[in-house]
Amino acid sequence: MNRPTGLKRSCLAIVLAAGEGTRMCSSRPKVLHAIGGRTLIAHVLTAAVQAGGAGIAVVVGPGREDVAAEARKLAPQAQIFEQSERLGTAHAVLSARPAIAQKTDGKLADDILVMFADTPLVRPETLSQLRAALAEGAAVAVLGFTPKDAAGYGRLVMNGNDLVAIREEKDATADERAIGFSKGGLMALSGQQALAILDKIGNANAKGEYYLTDAVAISREMGLKAVAIDTAEDDVRGINTKAQLAEAEAVLQSRLRAQAMDAGVTLVAPETVFLSSDTRLGKDVTIEPNVVFGPGVTVEDGATIRAFSHLEGAHVGRGARVGPFARLRPGARLGADVHIGNFVEVKASTIEAGAKANHLAYIGDARVGEGANIGAGTITCNYDGVDKHHTDIGKGAFIGTNSSLVAPVKIGDGAYIGSGSVVTEDVPADALAIERSEQVIKEGWAARFRAAKAAGKKKS
């Protein structure tokens, strides 16, 4: 049943981001917490789009413009709906009624995916299985899993391949409680039948509450078919606490590391490397222990990232070497065969092919030309307290140890900067610039100083 995401059926994904609890002990909405450098809701929306969700509807709680803004950032076409009252999951889905009823070329969406914004580990291929079940005639398809301990979970009651009911544990018989197959929460509905099923759910519940799990029984009463798709527990892992957030991070990191190694990346100590969901690593890249990739990093073929380095928003060229103990901040772009060594920080700068900054340097808002050498202790003084300024270092330039380049300033091709210089004016190509006081030597001064100190101590 695992079919490609290019299923020739229209699909609307409804992502529920309303009705959050407060167990995260945070002022930030739960779905705006992040794993793998991406918010929980962004993970869910990404999976929905990759599974063919051409239409996106996001249901948020009252006043949650921050959540809506995050959804629009990833899916600009998303329709945002507010669930003003918390009357259950089906009620949340019905908050997006205009999207469900919307027609394209006179047709409703074929498939409706109902997803939860705090279930970030669901994979596109799993969602495709739900859609494939609808394509094969089911009106309702539910994700199920078999936990080690099913206590507390709703059970999926099956009759052969048909899903008969979802039974909450408190309502289950002893035989039903013995069932291990449990509900995962995520569900798909036939677009042609979705509103009819959802409207009947509200009428069937005496408490005036609308629970999506009732869709199974309702669909069967309507003579329609319901099925369950078995998936891994991680696919349906929900997050309600910081501990669960950390558990989900661990699962995601395990997936990302495996994908990287399968693609030809060498991870010397995989369990110590932390990747972002959008990290792009080429073939024959080597990553040493204790490296952290923030969002927006690309590393080209054959590069080496040495131990204890931190990269974010950076591009590392083919065959480049970074670290150990290096930091690449957003806007760092390293060309081929660049060397960025220990305790070097690069921010918003282009380091061209073959250039080297092997230790103890800060390069910010700069261009370092091809083959240039940046000596230890060199900094680009890019900030005047109000504005940032640019430093341009030419091809083959040599910047001596402990130099300060006060931006805006340009160092020409092939120029030399003497060690310890504070450079405030442009230096022409192939010139030598030295800015330091004349060295003074006083013969015997140290011996006289020590003698005087010793004599003073005897008198006291």
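Below, the figures for the structure above:
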read-out	value
Within segment 382-402, tally of residues that are closer than 20 Å to GLU352 by Cα and of a type outside the set (Val, Ile, Thr)	10
Of all residues in segment 318-370 being in a strand (DSSP E or B) and of a type in the set (Ser, Thr, Tyr), the one that is farthest from GLY412 (Cα to Cα)	TYR362
Unique residue being surrounded by fewer than 22 Cβ atoms within 10 Å (Cβ to Cβ), of a type in the set (Val, Ile, Thr), more than 27 Å from LEU245 (Cβ to Cβ) and in contact (Cβ under 8 Å) with a residue 12 or more places away in the chain when the list is VAL216, VAL140, VAL157	VAL157
In segment 151-181, the residues that are basic (Lys, Arg) and either in contact with a strand residue (DSSP E or B) (Cβ under 6 Å, 6 or more places away or on another chain) or modelled with pLDDT of 90 or more (or both)	ARG155, ARG167, ARG177
Test: GLY63 is at positive phi and either part of a helix (DSSP H, G or I) or out of contact with any Ser or Thr (no Cβ under 7 Å at 6 or more places or on another chain) (or both)	yes
Residue among THR126, THR119 that alone is modelled with pLDDT of 95 or more and part of a helix (DSSP H, G or I)	THR126
Residue within segment 293-309 that is among the basic types (Lys, Arg), closer than 19 Å to GLU345 by Cβ and either in the same structural domain as ALA250 (by TED's automatic domain parsing) or without any contact (Cβ under 8 Å) to a residue 12 or more places away in the chain (or both) present	yes
Close pairs from segment 33-54: first within 17 Å of GLY238 (Cα to Cα) and crowded, with 24+ Cβ neighbours inside 10 Å, partner modelled with pLDDT of 95 or more and basic (Lys, Arg), Cβ under 6 Å, at least 6 apart	none
Of all residues making up segment 66-75, the number that are of a type in the set (A, V, I, L, M, F, W, C) and either in a strand (DSSP E or B) or at pLDDT 95 or above (or both)	4
Matching residues, segment 90-114, being over 28 Å from the mean Cα position of the chain (by Cα) and in a strand (DSSP E or B)	THR104, LYS107
Residues being farther than 18 Å from ARG38 by Cβ and part of a strand (DSSP E or B) - total across segment 276-301	3
Number of the exception - ALA260 against (1) among the aliphatic types (A, V, I, L, M); (2) within 27 Å of LEU121 (Cα to Cα); (3) over 24 Å from the mean Cα position of the chain (by Cα)	(3)
Of all residues making up segment 229-250, the number that are of a type outside the set (S, T, N, Q), in a helix (DSSP H, G or I) and out of contact with any Lys or Arg (no Cβ under 7 Å at 6 or more places or on another chain)	10
Pairs, first in contact (Cβ under 8 Å) with a residue 12 or more places away in the chain in segment 430-449, second hydrophobic (A, V, I, L, M, F, W, C), C-beta under 7 Å, six or more apart	ASP430/ALA415; ALA431/ALA415; ALA433/ALA415; ALA433/ILE417; ALA433/VAL423; ALA433/VAL427; GLU435/VAL422; GLU435/VAL423
Residue satisfying condition, being over 19 Å from ALA194 (Cα atoms), polar (S, T, N, Q) and buried (at least 18 other Cβ atoms within 10 Å of the Cβ), within set THR89, THR119	THR119
Residue identified as over 13 Å from GLY37 (Cα atoms), more than 15 Å from the chain's Cα centre (by Cα) and crowded, with 18+ Cβ neighbours inside 10 Å among VAL316, VAL273	VAL316
Evaluation of GLY223 against (1) assigned to a loop (DSSP other than H, G, I, E, B); (2) outside the structural domain of ALA135 (by TED's automatic domain parsing) (one fails), failing number	(2)
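The values are calculated or read from the model by the stated rules, or taken from the named source; none is laboratory data. Predicted model only: the values in this text are computed from it and were never measured. Using ideal geometry, Cβ is built from the backbone for each residue, glycine included, and neighbour counts are taken over all protein chains shown.
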